[in-house]
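Taking it in order: structure first as structure tokens, then the write-up.
Values quoted throughout were computed directly from the atomic coordinates according to the rules given, and no laboratory measurement underlies them. Since the model is a prediction, treat every value here as computed from it, not as a measurement. Cβ sites come from the backbone with ideal geometry, for glycine too, and all protein chains shown count toward neighbours.
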Amino acid sequence: MNIYESAENYLETILILQHRKGEVRSIDIASELNFSKPSVSYAMKQFRENGYIQMDTDNYITLTPKGREIAERIYERHQLLTEYLLAIGVDEENSRTDACRIEHVISPETFEKIKQQMRKISEFR
């Protein structure tokens, strides 16, 4: 499953907003990402047509299983990479910013090795 970084960011944002607010509309995504409403509306139309989200009659957005899978994978990477960077001494702001960049390009193998390393680190804490 290969989609662009911007699409991954949108899907991850929907997941985060669902956890935070329960219900998500395009305006919530636009506000969270500081994007224009028309840009978000266009993206949501593309996601709907490609089966990543569903919108109900009140325009509330939910992730489909296909969209949720991508969002959860990216969110897990973001969380773990942030934790890893903090553990090796990177400051909090840079850890979050760098994790957001790395999460989209890191190979599954490298991510798995970092995940294993983080398990070892947490065993020693």
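At a glance:
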quantity: Helical contribution to [θ] at 222 nm, DSSP H n ≥ 4, -39,500 (n - 2.57), averaged over the chain, rounded to 500; calculated: -23500 deg cm²/dmol
quantity: Leading residue at positive end of dipole, the chain (Cβ point charges), from C100, Q46, S6; calculated: Q46
quantity: Set of aspartates and glutamates with alpha-carbon distance to K120 below 15 Å, sequence-local pairs under 8 removed; calculated: E83, E112
quantity: Overall form of the chain per C-alpha gyration tensor (a/c, 1.5; a/b vs b/c); calculated: prolate
quantity: Reachable lysines, given that their alpha-carbon falls under 29 Å from the alpha-carbon of K37 and they are not under 8 places away in the same chain; calculated: K21, K45, K66
quantity: Neighbour net charge for H19 - beta-carbon separation under 14 angstrom, K R +1, D E -1; calculated: -3
